[in-house]
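Asker: I'd like to ask some things about the structure below.
The values are calculated or read from the model by the stated rules, or taken from the named source; none is laboratory data. These numbers come from a predicted model, not from an experiment. All Cβ positions, even for glycine, are placed from backbone atoms using ideal geometry, and neighbour counts span all protein chains on display. Areas reflect the complete protein model, heavy atoms only, side chains present, ligands, DNA and RNA absent. Shrake-Rupley method; radii C 1.70, N 1.55, O 1.52, S 1.80 Å.
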Amino acid sequence: MGRLLPELERFSSSLEVDFELYPYDIAGSLAHARGLASAGLLKPTQLKAIERGLRRVRRELDAGELKFRESDEDIHTVVERRLTEITPAGAMLHTGRSRNDQVALDLRLYSRDAASELITTVAELVDALASRAAQHAAWLMPGYTHLQRAQPVTVGHHLLAHAEPLLRDAERFRHAYEAADEMPLGSGALAGTTLPLQRERVAKELGFQRLTANSIDAVADRDFALDLVYACLATAIHLSRLGEDVVLWATAEFGFVRLADEIATGSSLMPQKKNPDIAELLRGRAGRPIGSLVALATILKGLPLAYDRDLQEDKPAVFAAVDSVLDSLRAAQLLVAHLEFDRDRLAAATSDTSLLATDAAEALVAAGTPFRKAHEEVGRTVRAGKLQVPWNAEASLRKRDTPGAPNPRRVAARATAVRREAARLRQWSKTHPPPLPT
Ligand code: ARG
């Protein structure tokens, strides 16, 4: 075959983006080569030469020594081209394999790693939130609905309200990991192979739980990437809501937190300003994974089975979502660790008795008044400025003692349980995925 026009080579190249996949490409190639050898398709000497060659390509890539060529279309061609320069046995490596199942494999290996790293990083932020929550389990603050002061809660309860969604995000990443955990090699371009490939052996070598069940689906499917990006998006949304709370709390109007110098920025013009840029960026960065999900869904929609080159566009979307959310999670952890709550301002904001109007209505209910009537009666006294409640916000919180309620004892207990959960997640990530072949 002749060569593509140079401008079109540049247009179709994905090397700049999929370069990131090289550790997976090489691990996948090692496993594939060993599979070929055990199927009798490579001689032991050829396998040795390929293994040695792939390790050398890996070292060259690690060291940034490998020179790319105009004709290097993607990372898969680079690895194979270089290997073949090192050893003639390199020409045997692509036996029974297509770049279609190869790229599906690489992206699955990447996705397992990314999901696991995201779980660790989510767990670290959860732990930071829960440890701050434990310190502030009994610190009063007004809880809000419609951004209007509603009822007393505690700072610890509110911080844990940001930790809980992140625990759910960790579950979403677990699911994305499971979705990626299927081995596609052996699917060939789309129709499998006539050669006796040992798919189970290759899957075992790469630590996959399952084999893909259909060779067409195996090269066409990017659901696992959608799952990963969606989990990133959900996490980013949660971080944006945390960021927004910090932005509000740091205003003079709220005054609930002071931003330590380590987490605040100044204004280039106004000398008195201390700005919550980090929290604002947690809000603003959510745009990236949202964009990635839209991009990926758009690429996949209506795409005929099996592989189409459109699928090459999956990687910029996936990598951007993963990188941006990992970055934001780490920034959020530092932000949370450095927040300084103003106990007096928080208590003052909670001291208004009208925040106890619901308590007053519930006291009437406990004495036998139907709730609707109690609501009306208390509403009238509040409007007349005559609400008397014989207990304060602290006492109100002690009485709020159902599971999930902001009773400080329950908040402290939940903080401990959340920290335990975070430790369990980190532990899981240490053993997933299993180490790749070298
Ligand atoms: N660079 C391609 C991608 O990322 C690899 C697969 C190419 N396959 C092909 N038939 N052109 O999707």
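Asker: Look at Asp310 and say whether it is within 16 Å of the ligand (Cβ to nearest atom), free of Cβ contacts under 8 Å to residues at least 60 places away in the same chain, part of a helix (DSSP H, G or I) and open to solvent by 60 Å² or more (accessible area, probe 1.4 Å).
Answerer: Answer is yes for this residue.
Asker: Output the residues belonging to the stretch 66-75 that are assigned to a loop (DSSP other than H, G, I, E, B) and either over 32 Å from the mean Cα position of the chain (by Cα) or among the hydrophobic types (A, V, I, L, M, F, W, C) (or both).
Answerer: Leu66, Lys67, Phe68, Arg69, Glu70, Ser71
Asker: Look at the stretch 381-432 and say how many of its residues are polar (S, T, N, Q), assigned to a helix (DSSP H, G or I) and surrounded by fewer than 20 Cβ atoms within 10 Å (Cβ to Cβ). Before you say what the answer is, go through the steps one by one.
Answerer: Residues of the stretch 381-432 that are polar (S, T, N, Q), as a first pass: 381, 388, 392, 396, 402, 407, 416, 427, 429, 431.
Next, only the ones that are assigned to a helix (DSSP H, G or I) stay: 381, 396, 416, 427, 429, 431.
Restricting the remaining residues to those that are surrounded by fewer than 20 Cβ atoms within 10 Å (Cβ to Cβ) gives 381, 416, 427, 431.
Adding up the residues that qualify gives 4.
Asker: Tell me the residue from Arg55, Arg81 that is open to solvent by 10 Å² or more (accessible area, probe 1.4 Å), away from the ligand (no atom under 16 Å from the Cβ), in a helix (DSSP H, G or I) and charged (D, E, K, R), please.
Answerer: Arg55
Asker: If you don't mind, there's one more thing I want to ask. Any idea how many residues of the stretch 256-302 are assigned to a helix (DSSP H, G or I), out of contact with any Ser or Thr (no Cβ under 9 Å at 6 or more places or on another chain), surrounded by 15 or more Cβ atoms within 10 Å (Cβ to Cβ) and of a type outside the set (Gly, Ala, Ser)?
Answerer: Counting residues in the stretch 256-302 that are assigned to a helix (DSSP H, G or I), out of contact with any Ser or Thr (no Cβ under 9 Å at 6 or more places or on another chain), surrounded by 15 or more Cβ atoms within 10 Å (Cβ to Cβ) and of a type outside the set (Gly, Ala, Ser) gives 7.
Asker: Oh, and also: Does any residue of the stretch 179-196 turn out to be polar (S, T, N, Q), more than 16 Å from the ligand (Cβ to nearest atom) and closer than 30 Å to Leu339 by Cα? Reasoning before the result, please.
Answerer: Initially, the stretch 179-196 is screened for residues polar (S, T, N, Q), giving 187, 193-194.
Applying the additional criterion that residues be more than 16 Å from the ligand (Cβ to nearest atom) yields 194.
Cutting the leftovers down to closer than 30 Å to Leu339 by Cα gives us none.
The answer is no, given that none of the residues of the stretch 179-196 is polar (S, T, N, Q), more than 16 Å from the ligand (Cβ to nearest atom) and closer than 30 Å to Leu339 by Cα.
Asker: Determine which member of the set Leu93, Leu129, Leu140 is closer than 30 Å to Glu394 by Cβ and either touching an Asp or Glu at 6+ places or on another chain (Cβ under 7 Å) or open to solvent by 10 Å² or more (accessible area, probe 1.4 Å) (or both). Step through it out loud before you land on a result.
Answerer: Working: Leu93 fails: closer than 30 Å to Glu394 by Cβ; Leu129 fails: either touching an Asp or Glu at 6+ places or on another chain (Cβ under 7 Å) or open to solvent by 10 Å² or more (accessible area, probe 1.4 Å) (or both).
Answer to the check: Leu140.
Asker: Run down Leu21, Leu41, Leu4, Leu8 and say which single residue is within 16 Å of the ligand (Cβ to nearest atom) and not in a helix (DSSP H, G or I).
Answerer: Selected residue: Leu4, the only one of Leu21, Leu41, Leu4, Leu8 that is within 16 Å of the ligand (Cβ to nearest atom) and not in a helix (DSSP H, G or I).
Asker: From the list Ala234, Ala220, Ala252, Ala213, pick out the single residue that is more than 23 Å from the chain's Cα centre (by Cα), closer than 28 Å to Tyr144 by Cβ, surrounded by fewer than 23 Cβ atoms within 10 Å (Cβ to Cβ) and not aromatic (Phe, Trp, Tyr).
Answerer: Every option except Ala252 fails the conditions.
Asker: Moving on to the next point. Taking interchain pairs and intrachain pairs at least six residues apart, which have beta carbon atoms under 6 angstrom, with the first residue in the stretch 91-103 and in contact (Cβ under 8 Å) with a residue 40 or more places away in the chain and the second open to solvent by 20 Å² or more (accessible area, probe 1.4 Å) and part of a helix (DSSP H, G or I)?
Answerer: So the pair list comes out as Met92/Gln46.
Asker: Among the residues of the stretch 58-78, which ones are within 16 Å of the ligand (Cβ to nearest atom) and either farther than 24 Å from Gln198 by Cα or open to solvent by 50 Å² or more (accessible area, probe 1.4 Å) (or both)?
Answerer: Phe68, Arg69, Glu70, Ser71, Asp72, Glu73, Asp74, Ile75, Val78
Asker: How many residues are among the aliphatic types (A, V, I, L, M) and either surrounded by 20 or more Cβ atoms within 10 Å (Cβ to Cβ) or closer than 13 Å to Leu105 by Cβ (or both) if we restrict to the stretch 180-210?
Answerer: Adding up the residues that qualify gives 7.
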